[in-house]
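A short worksheet on the structure shown next.
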């Protein structure tokens, strides 16, 4: 399958490795920063068969890939995706899928119109620990779900934002919740039943006066099934990343997944006693080299299979919209000082420009 990468920044090596692991024919890479592109070409020892482009439209016209990965700054995800979809190219879109509800809806509608597969890159769903927890949810081992908590306690310093001017801006990124925390926010919503009734949020900028958006977000979520969720997300932790954890509490079960990116099961307690908790902790334990984990390779494998068998991928464009919608709902609640009902019909990160001025 002919494949191309659009955007050669921080996350791109994970996509390149996943593409190579799945035997894709890497035809081209594209980035407006030629040095960034050449750095990746040198790192992965690309020969002359892997073409380099600074214009993605030129690249897709010349190379005609069947599948692209969109790894640019978040503000360009929707525009690039729409151009690719209209040409019948399947897309893996890095998180967030877009920065507005309207753009996410447009991507979903276009993917249906042009019969194109779109995968939102929430790769942590493929963590061994996460898959095991999802299996317990599907088997109803928790009984009635009570509540879940997502904690993302990370560090991002001045040097991180200096490396890319779009980071932390309302037009091209958003803050800690949209960029760093959206993976765990996606897991929280997915595990607890997806349908949300109401969101109450608070956000603030406590330690990053050089960015526009928040570095702290706290939220309470009420799900349609009667359960609740809490989110605590920050990039203010000193002096480095501390943890990313997901707790789920139910009538008959308690689970905690932690580690760098929810890749370690730390608590596993169920009334049915179907398995040995200590064995589960040993078996479903991963130690990835960084916060991105090992999920990209199985995500690519699933996407390739979805294209070949004309089915929806495991993580769809609608899943991407749901994660985006929850972050935007927290932003809206915090900005307006009230609870927000879902679904959101219209909302974008740019609605909050000047929020912390």
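Quick notes
- C-alpha long axis of helix 317-336 to longest principal axis of the chain, angle in °: 60 degrees
- Length-normalised contact order of the chain in % [C-alpha pairs under 8 Å, at least 6 apart]: 20 percent
- Taking only the C-alpha atoms of segment 57-177, Rg followed by Dmax gives 17.8, 54 Å.
- Rg and Dmax, both from the Cα atoms of segment 187-261 and both in Å, are 14.5, 46.
- Taking only alpha carbon atoms, segment 52-105 gives an Rg to Rh ratio of 0.95, where Rh is the Kirkwood radius.
- For the chain, modelled as a GNM whose springs connect Cα atoms under 10 angstrom apart, the maximal fluctuation among 308, 83, 63 occurs at 308.
- Calculated on C-alpha atoms, the gyration radius of segment 122-187 divided by its Kirkwood radius gives an Rg/Rh of 1.12.
- Cα-only radius of gyration and Dmax that characterise segment 85-126, units Å: 10.5, 29
- Normalised convex hull volume, segment 106-241, alpha-carbon set, Å³ per residue: 152 Å³
- Between segment 221-271 and segment 310-357, the alpha-carbon center distance in angstrom: 21 Å
- Kirkwood-based Rg to Rh ratio, segment 241-357, C-alpha trace: 1.06
- Here the Gaussian network model covers the chain, with springs between Cα atoms less than 10 Å apart; of 224, 43, 76, 43 fluctuates the most.
- Cα-Cα separations in segment 299-339 greater than 12 Å, expressed as whole percent: 65 percent
- Computed from the C-alpha gyration tensor, the three semi-axes of the ellipsoid equivalent to the chain are 31, 24, 20 Å, from longest to shortest.
- Cα convex hull of segment 1-103, projected area averaged across orientations, nm²: 6.0 nm²
Quick note: the coordinates plus some simple rules give every number you see, no bench work behind them. All values derive from a computational prediction rather than experimental measurement.
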